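Participant: Here it is, the structure, as structure tokens.
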Amino acid sequence: MEELNLMKQAVQAMMSGMPKALRDPHRPAWHLAPSVGLLNDPNGFIQHNGVYHLFYQWNPLGCDHRNKCWGHWQSTDLVHWQHQPVALVPGACYDSHGCYSGSAVVADGKIMLAYTGNVKYPDGSRTAYQCLAQENAHGGYDKLGPVLPLPPGYSGHVRDPKVWRHQDNWYMVLGARDLQDRGKVLLLRSAELRNWQLLGEIAGSQLNGIGDFGYMWECPDLFTLDGAEVLICCPQGLAAEAERYLNVYQAGYFTGRLDYRQATFDHQDFHELDAGFEFYAPQTTLTEDGRRLLVGWMGVPEQDEDCHPTLQYGWIHILTCPRELSLHNGRLCQRPARELQQLRGENRQWQGTADDAPCWPVDSAELLLAPNGAFNADFGGAMALNWDGTVLRLTRNNLRSGQPEHRYWRGELTQLQILFDRSSVEIFINHGEATMSSRYFPGPQPLLHLSGKAQLALEHWSLTPCMLE
């Protein structure tokens, strides 16, 4: 009954709220955003029989982190997306306080969802169940209930199952917080998705020589890429440094080698996945043509969420564009999925000194920029990018205080690919060697202003809108 009541309220919220949300000038033209309410983590990203399915954490009833459902989109080309029936709604005794994040696999020809059922008690304590749901003939998903209770030795913060198949078994990684407030990633194994054996901790604070490294590790994702294993995770509780760990919570990765028999992961150092203002909870999938794709949440928990101007229109947050992953010299590279080139419209090219560059429209646009020397780029008066020959610095005014804040990348800069979409900027550095993903909120018809003595080669495309159906 609780689920039915929430579904009725969600339908009412969408019918009454969508006209207002669609009037927002900051609503994206081609990124995925919630119809109404709050969106956060991408979930269950998978391709099955030629169709991409992308689920997402969604509160249809407001712009806060309550009432967590799983919304569902699908696409055949990563560009044109269609709404599907809501996949999961909280209300059972094992997910009464939210259907939290998870993943999708195909078993017996059907998509299976693995998710965390969140349960909170009146005394403030909580627990978590790892649960399954199965695709039905009507495009919806039937809950199958819990398959794993809270493991002993851990707090109620155990969540975000990512499941995959290796040889004859299913494997799962879980984000966890132990009773000593140390973040961990757990590895589990099952023959049939229902009965899970905890194999041990493969990474985390005070493991593998990394010392104290956060009190909770969320949204783990483990996969093989170019001959190595990559573990993506989101440690919470890292202290900010001069030029890194500057967001409230971080998203990053380790590369290494997973020993399935010994349940050990011999890994290298932690690297942030993104150097921008908003990036968290990424999830990957393996496509049918062999590519590893990633989608992230262009937001950060508890980071000025109540200051976003979209709140007055009844919605908040978007997802990043889909990205293709590769490994180069042990570092993870991200590039916009090749399918996004379908969005390209009119093309213009220009070469010369930055001071002489024309003003480019960047409401919805793609820019390729090859600099030779220092330059400044102003994005509609709401964000600025500066390259001084050593440091690439991204600057905007803090959404709460109005004071300037910065994010940084250091290296040798040869090329920038920048994707603009009304209230977002995604910067791909040196063919994906690094990225900076951020929200910003310019006025109408923003322009790119370039300045400096650098010689620049520019290519610019307008990007066509691609509304959800």
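Participant: Looking at the structure I just gave you, is ARG261 surrounded by fewer than 17 Cβ atoms within 10 Å (Cβ to Cβ) and part of a loop (DSSP other than H, G, I, E, B)?
Facilitator: Details: surrounded by fewer than 17 Cβ atoms within 10 Å (Cβ to Cβ): yes; part of a loop (DSSP other than H, G, I, E, B): yes.
Yes.
Participant: Return the pairs, sorted by first residue and then second, in which the second residue is at pLDDT 95 or above and part of a strand (DSSP E or B), the first residue lies in region 150-167 and is over 15 Å from GLY44 (Cβ atoms) and of a type in the set (Gly, Ala, Ser), the beta carbons are less than 6 Å apart, and the residues are 6+ apart or on different chains.
Facilitator: SER155/ARG177; GLY156/ARG126; GLY156/THR127; GLY156/ALA128
Participant: Identify, from the list GLU229, GLU218, GLU192, GLU243, the residue that is within 25 Å of LEU113 (Cβ to Cβ) and assigned to a loop (DSSP other than H, G, I, E, B).
Facilitator: It is GLU192.
Participant: Checking the structure you have, find out if any residue of region 41-57 is outside any loop (DSSP other than H, G, I, E, B), touching a Cys at 6+ places or on another chain (Cβ under 7 Å), farther than 24 Å from HIS138 by Cα and not aromatic (Phe, Trp, Tyr).
Facilitator: yes
Participant: While we're on this one: Quick one: how many residues across region 423-432 are surrounded by fewer than 23 Cβ atoms within 10 Å (Cβ to Cβ) and either modelled with pLDDT under 95 or touching a Phe, Trp or Tyr at 6+ places or on another chain (Cβ under 9 Å) (or both)?
Facilitator: Adding up the residues that qualify gives 1.
Participant: List every residue pair whose Cβ atoms lie under 7 Å apart, where the two residues are 6 or more positions apart in sequence or sit on different chains, the first residue falls within region 271-284 and is in contact (Cβ under 8 Å) with a residue 24 or more places away in the chain and open to solvent by 10 Å² or more (accessible area, probe 1.4 Å), and the second residue, located anywhere, is of a type in the set (D, E, K, R) and not in a loop (DSSP other than H, G, I, E, B).
Facilitator: As it stands, the answer is HIS271/ARG331; ALA275/ARG407; GLN283/ASP221, since those pairs meet every condition given.
Participant: Turning to a different aspect of this structure: If we scan region 14-24, do we find a residue that is touching a Leu at 6+ places or on another chain (Cβ under 9 Å) and not aliphatic (A, V, I, L, M)?
Facilitator: no
Participant: Which of the strands (runs of 3 or more DSSP E) contained wholly in region 375-451 include at least 2 residues that are charged (D, E, K, R) and either out of contact with any Lys or Arg (no Cβ under 8 Å at 6 or more places or on another chain) or under 24 Å from ARG323 (Cα atoms) (or both)?
Facilitator: It comes to 391-397, 404-410.
Participant: Inside region 1-28, can you point out the residues that are within 19 Å of ILE318 (Cα to Cα), not in a loop (DSSP other than H, G, I, E, B) and not small (Gly, Ala, Ser)?
Facilitator: Scanning region 1-28 gives MET14, MET18, PRO19, LYS20, LEU22.
Let's see how each residue does on (1) out of contact with any helix residue (DSSP H, G or I) (no Cβ under 9 Å at 6 or more places or on another chain); (2) open to solvent by less than 20 Å² (accessible area, probe 1.4 Å); (3) within 30 Å of TRP81 (Cα to Cα):
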site: ALA354; (1), (2), (3): yes, yes, no
site: GLY389; (1), (2), (3): yes, no, no
site: ASP421; (1), (2), (3): yes, yes, yes
site: LEU456; (1), (2), (3): no, yes, no
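Participant: Let me ask something additional. Looking at GLY373, GLY402, which is the one that is surrounded by fewer than 18 Cβ atoms within 10 Å (Cβ to Cβ), closer than 25 Å to THR310 by Cβ and either of a type in the set (Val, Ile, Thr) or more than 25 Å from the chain's Cα centre (by Cα) (or both)?
Facilitator: Going through GLY373, GLY402 in turn, just one is surrounded by fewer than 18 Cβ atoms within 10 Å (Cβ to Cβ), closer than 25 Å to THR310 by Cβ and either of a type in the set (Val, Ile, Thr) or more than 25 Å from the chain's Cα centre (by Cα) (or both): GLY402.
Participant: Would you mind stating whether ARG159 is open to solvent by 40 Å² or more (accessible area, probe 1.4 Å) and part of a strand (DSSP E or B)?
Facilitator: For ARG159, the condition - open to solvent by 40 Å² or more (accessible area, probe 1.4 Å) and part of a strand (DSSP E or B) - is not met.
Participant: Filter region 58-112 for residues that are part of a loop (DSSP other than H, G, I, E, B) and of a type in the set (A, V, I, L, M); which is farthest from THR127 (Cα to Cα)? Steps first, answer last, please.
Facilitator: Applying the first criterion (part of a loop (DSSP other than H, G, I, E, B)) to region 58-112 yields 60-68, 76-80, 84-87, 89-98, 108-109.
Cutting the leftovers down to of a type in the set (A, V, I, L, M) gives us 61, 78-79, 86-87, 89, 92.
Numbers: LEU61: 24, LEU78: 36, VAL79: 38, VAL86: 24, ALA87: 22, VAL89: 18, ALA92: 14 Å.
Ranking the candidates gives VAL79 first.
Participant: State whether one or more residues within region 298-307 are over 14 Å from LEU78 (Cα atoms), assigned to a helix (DSSP H, G or I) and open to solvent by less than 10 Å² (accessible area, probe 1.4 Å).
Facilitator: no
Participant: Which pairs have Cβ atoms under 8 Å, sit 6 or more apart or on different chains, and link a residue in region 336-352 that is modelled with pLDDT of 95 or more to one that is open to solvent by 90 Å² or more (accessible area, probe 1.4 Å)?
Facilitator: Qualifying pairs under 8 Å: GLN351/GLN455; GLY352/GLN455.
Participant: Quick check on my filter: what residues within region 315-332 are outside any strand (DSSP E or B) and touching a strand residue (DSSP E or B) at 6+ places or on another chain (Cβ under 7 Å)?
Facilitator: HIS317, ILE318, THR320, CYS321, PRO322, GLY330
Participant: Now, a different point. Out of the residues in region 210-228 that are charged (D, E, K, R) and surrounded by 19 or more Cβ atoms within 10 Å (Cβ to Cβ), which is farthest from ASP181 (Cα to Cα)?
Facilitator: ASP221
The values are calculated or read from the model by the stated rules, or taken from the named source; none is laboratory data. Bear in mind the structure is a predicted one, so any value in this text is a computation, not a measurement. For neighbour counting, all protein chains shown are included, and Cβ atoms are generated from backbone atoms with ideal geometry for every residue, glycine included. With ligands, DNA and RNA removed, areas are computed over all heavy atoms of the protein, side chains included. Shrake-Rupley method; radii C 1.70, N 1.55, O 1.52, S 1.80 Å.
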